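Take a look at the structure set out below.
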Amino acid sequence: MFLQQFIQGLTLGYVYALMALGYTMVYGILQLINFAHGEIYMLGAYMTVISFGFFTGAGLTKTHLFLSLILSMLLSIIFVSAYGATVERIAYRPLRNAPRLSPLISAIGVSIFLQNFVMLTQGATYKVFPPVFSNTGLTIGGAKVTPVQLTIILLSSVVMIFLHLFISKTKTGKAMRAVAQDRIMASLVGIDTDRIIAITFIIGSALAAIAGFMVTLYYSLINYYMGYIAGIKAFTAAVLGGIGSIPGAMVGGLLLGLIEGLAAGYISSEYKDAYAFIVLIIILLIRPAGLFKRPMEEKV
Amino acid sequence: MLEIRDLQISYGPIRAVKGISLTVRKGEIVSIIGSNGAGKTSTLMSIAGAVKPFSGRIIFNGEDITGQPAHKIMKKGLTLVPEGRRIFPYLTVMENLEMGAFIKKLSPSIIDEIFQLFPVLKERRKQVAGTLSGGEQQMLAIARALVSEPRLIMFDEPSLGLSPLMVTRIFSIIKKINSSGVTVLLVEQNARAALSLCHRAYVIEGGVIRLEGKGSELLNNKDLRRAYLGE
């Protein structure tokens, strides 16, 4: 049972980690908790279902299932990144120099708007994603790993490796870190900080879209308020790792998934959603800076 | 090369700079001296584009750059070494230099030049910048400004918090930069050092210019000696 719950938790953990990265990157650069991030992930799930439905209608899924899945994911990434960039442009950028509470309230507004927008345009009922993967899977040490779980684990790992390389090696990635460390100084060395912030939102949204895509494959059921709980859990993961820290978000997401998976197995699965909040309360009490907080981060 | 006309800067209801006019000619070292809160840093920040002026004009090489965003002004060849150095603490020395040259490619020949001027940075190029000593951080801040190959470089209190030995080194480096053809605008509280280095100087107080003249003349000005050199 341990291994089974471990795999279950790991799968969820990767989804949380991808979402937590979006929270932590935006926080790192703007000190803003982007409460609309869960809704961006929800849009990712909807775009997956809509694109896949389109390919089914076109008859592509019968002949090229794998290709239609990849195309659905790519379409979802493109649309959702555009959403993310638009949200930043109209809801956050005009508040760049406002008190910190203003963009936070704006984020909550965006979150409510997007939920209702999707409810009105897509309906308030569940949307179903056809089960395209077999449920058999392979068995490791008595535990079953389904193809979807394997896909999630592998895809997320690859995405995280690319993200890490992007941030540590490319010029844009370094500029993102520079803007996060000192935005005014970054503009003084010639960095267009608005552009870098927009790129940060686009990357965060793309990661949320991938998370939404994977969850759609995993659960096959989506609805317009799925971003709420997922958003709070990913936020918890980001806080657990130390908000603002990228490795922190990765580790925090995986840890939270594992805690949830194991607690669901050994304690009770009825309280599945409560564990994240228990974790959140414990971190805030014991180590509010999170696991990966840099020692000299204190901003003046 | 740089002309400022009746510059005023406000922070909410507080007027920090109340109408400053000054010129910097090509090849000069011009310094602005004055006590804390006189408006020196605000002036430099608004020339660099980080603070929007309330009114007035800033003209660089014949072009009006007033109110343009910092990253655009920087591309015109005007750069600032800010007060408190403001290196990127979690980037390595090399990454800081790369950011300094963000608008272009960091060419190996510039790196060589920089490392010749600051050998200690070469030794520490892979080190995280926040772990450097104060003097080394100041050198990195200057190097980061130089890699963009500016035509005019502004220094805001480069001697702040440094040992006397290091101050002497930084000033000799500023002189070297100037003799290589870069125009310098220097803001300092260390009036004696600034005045002996510069060609011309402005003394500002309470957001307005009180005195201006050649550095050597101001060094012998009785009022100024009393106010800033403690005599």
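The numbers here are math on the coordinates, done by the rules we state, and not lab data. If you're wondering where the values come from, they're calculated on a predicted model, not measured in any experiment. Cβ: placed from backbone, ideal geometry, glycine included. Neighbour counts: every protein chain shown.
For the stretch A:62-117 and the stretch A:1-41, what is the separation of their Cα centres, given in Å? The stretch A:62-117 and the stretch A:1-41 have Cα centres spaced 16 Å from each other.
With a cut-off of 12 Å on the backbone N, the residues of the stretch A:211-251 near the modelled label site 7 Å out from A:Val132 along Cα-Cβ are A:213-214, A:216-218. Once you reduce the stretch B:140-184 and the stretch B:36-108 to the center of their Cα atoms, the two points are 14 Å from each other. Across peptide A:178-187, the average count of Cβ atoms from other chains found within 10 Å of a residue's Cβ is 6. Counting only Cβ charges, +1 for Lys and Arg and -1 for Asp and Glu, the dipole size of the protein assembly as shown around its Cα centre is about 800 debye.
Under a 5 Å amide H cut-off, with hydrogens placed 1.01 Å from N, B:Met154 pairs with B:Thr79, B:Leu80, B:Val81, B:Leu185 among residues at least 5 apart or on other chains. Can you say what percent of the DSSP beta bridges in the stretch B:2-228, counting only those with both residues inside, are antiparallel? Round to 5. Beta bridges within the stretch B:2-228, antiparallel portion: roughly 55 percent. Peptide A:87-99 is shielded by partner chain Cβ atoms: per residue, an average of 0 of them sit within 10 Å of its Cβ. Placing a label point 7 Å from the Cα of B:Lys104 along the Cα-to-Cβ line, the residues of the stretch B:61-88 whose backbone N sits under 14 Å from it are B:74-79.
Couplings 3J(HN,Hα) of the stretch A:63-68, computed from phi: 8, 10, 4, 4, 4, 5 Hz, in residue order, whole Hz [Karplus 6.51 cos²θ - 1.76 cosθ + 1.60, θ = phi - 60°; x for Gly and Pro]. Residues whose amide H lies under 5 Å from that of A:Leu221, counting only those 5 or more places away or on a different chain, are A:Phe129; hydrogens are built 1.01 Å from N in the peptide plane.
Give, in nm to one decimal, the length gained when the segment between A:Lys272 and A:Met1 is fully stretched (0.36 nm per residue of separation minus the Cα-Cα distance).
Numbers: separation 271, 0.36 × 271 = 97.56 nm, distance 1.66 nm.
Extra length from A:Lys272 to A:Met1 when fully extended: 95.9 nm.
Per residue, the convex hull spanned by the alpha carbons of the protein assembly as shown comes to 178 Å³. 3J(HN,Hα) along the stretch A:189-196: 8, x, 7, 7, 5, 4, 5, 5 Hz, from the Karplus curve 6.51 cos²θ - 1.76 cosθ + 1.60 with θ = phi - 60°, whole Hz, x for Gly and Pro.
Inter-label distance, B:Arg169 to B:Ser21: 4.2 nm, where each label sits 7 Å from its Cα along the C-beta direction. Sorted fewest first by neighbouring Cβ atoms within 10 angstrom, B:Glu188, B:Glu98 come out as B:Glu98, B:Glu188. Across peptide B:85-91, the average count of Cβ atoms from other chains found within 10 Å of a residue's Cβ is 5. Calculated on the Cα set of the stretch B:2-228, radius of gyration then Dmax: 17.0, 49 Å. For the pair A:Phe117 and A:Arg195, the difference between a 0.36 nm per residue extended length and the Cα-Cα distance amounts to 25.4 nm. Less than 5 angstrom separates the built amide H of B:Tyr202 from those of B:Ser31, B:Ile32, B:Ile33, all sequence-distant by 5 or more or on a different chain. Restricting the stretch A:83-145 to trypsin sites (Lys or Arg not before Pro) that sit in a DSSP loop and have at most 11 other Cβ atoms within 10 Å of their own Cβ leaves A:Arg100. Panel order for B:Glu95, B:Glu212, B:Glu217, by other beta carbons found within 10 Å of each beta carbon, from fewest to most: B:Glu217, B:Glu212, B:Glu95.
With the charge dipole of the protein assembly as shown set up from +1 on Lys and Arg Cβ and -1 on Asp and Glu Cβ about the Cα centre, the Cα lying farthest toward the positive end among the listed residues A:Leu188, A:Gly57, A:Ile243 is that of A:Leu188. Whole-Hz Karplus values for the stretch B:30-38 come out as 10, 10, 10, 10, x, 7, 4, x, 6 Hz, taken residue by residue from phi with 6.51 cos²θ - 1.76 cosθ + 1.60 and θ = phi - 60°; glycine and proline positions read x.
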